Structures are given as structure tokens and as C-alpha cells.
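Read the figures in this text as sums done on the coordinates, not as results from a lab. Computed from a predicted structure; not experimentally measured. Here Cβ is always computed from backbone atoms with ideal geometry, including for glycine, and neighbour counts include all displayed protein chains.
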């Protein structure tokens, strides 16, 4: 089966560097605070936070998932790029996937905000298929998290400045 590749683009009124710091670099601390109903914790379980490191996200009770693990493939704080692969978890998509990878890039806009691009690649296991419908909920959750971080940064202009 062929991989499913989905690209999404977004814009934000928040400065690119601030958004990257909050959404990527400090996600372990910020996301459980902003989304306690969804994320219990995010912790580094292997490595130093650079490429090859593994993070575990523990999902709050009341959902079908309990945890997800992802490996950081690349992080470039200067160029605001981040790549990671989901490697373990009880997510329905992961049950069908050989691998799932995401590449995120943020750029500054002339207005002082940012624009971003996320390319996600879902490689199905032999004999299985992954459709856009299969990944819709996860993609919507990610956009919801982005909007929460964006709102937090707008309400707290000193944060990650």
C-alpha cells in the first residue's frame, strides 16, 4: 500500500519564534497545563531532547488512548523546523501503521505573525490501508492544540518572548 501524505498549512498572529518555543520546545510543560482534560503529562524517557530522543505523552482518563511515544527525528530552533515519528501507542491509526512521521516548519510573516506547514506521512502495514477519515480526529486535535497555544500566547505577551 502507498503511504498517505497530508499537508496542512496555517497562519497565526503570533510571532514564529514564540510559537515554536511554546508549541515545540516547551510542549512538555505547557501542553498538560493548557489541556489537562486531554494530556496528563509529556516526559522525556530517552535522550536529551535532541534527535533520537523519545518522549511519552500520557493521555488523561476518559479517552480510548492511554499513551503515545514519539521519537524526535530533527529539531532546528534557528530555522524553526521539527520532525518526529510516532513509534508506539494505543491510537487506532498506529494499529494500522508501519510508521507515522510529521514535519513541521514555521516562518515569520511580514505582519509579525507566522505561517506554518505540517507534512504528515502515514505508511500502512502490509495489507492495510490508512485513509484521511482514519486520521481526521488526530489532525483536528492537533489544530485545536495549536489554537490553545496561540490563545495563551496572545493573552500572555511576555511568555516565550
Exposure proxy ranking, count of Cβ atoms within 10 Å, fewest first, for 14, 135: 135, 14
Simple spin-label estimate for residue 99 and residue 46 in nanometres, 7 Å along Cα-Cβ: 1.5 nm
Folded to 0 to 90 degrees: helix 132-155 orientation relative to the chain principal axis, Cα: 20 degrees
Whole-angstrom gap from the range 69-109 to the range 21-42, using each part's C-alpha centre: 16 Å
Gain on full stretching of the segment that runs from residue 25 to residue 143 - 0.36 nm per residue minus C-alpha separation: 40.8 nm
Helical contribution to [θ] at 222 nm, DSSP H n ≥ 4, -39,500 (n - 2.57), averaged over the chain, rounded to 500: -8000 deg cm²/dmol
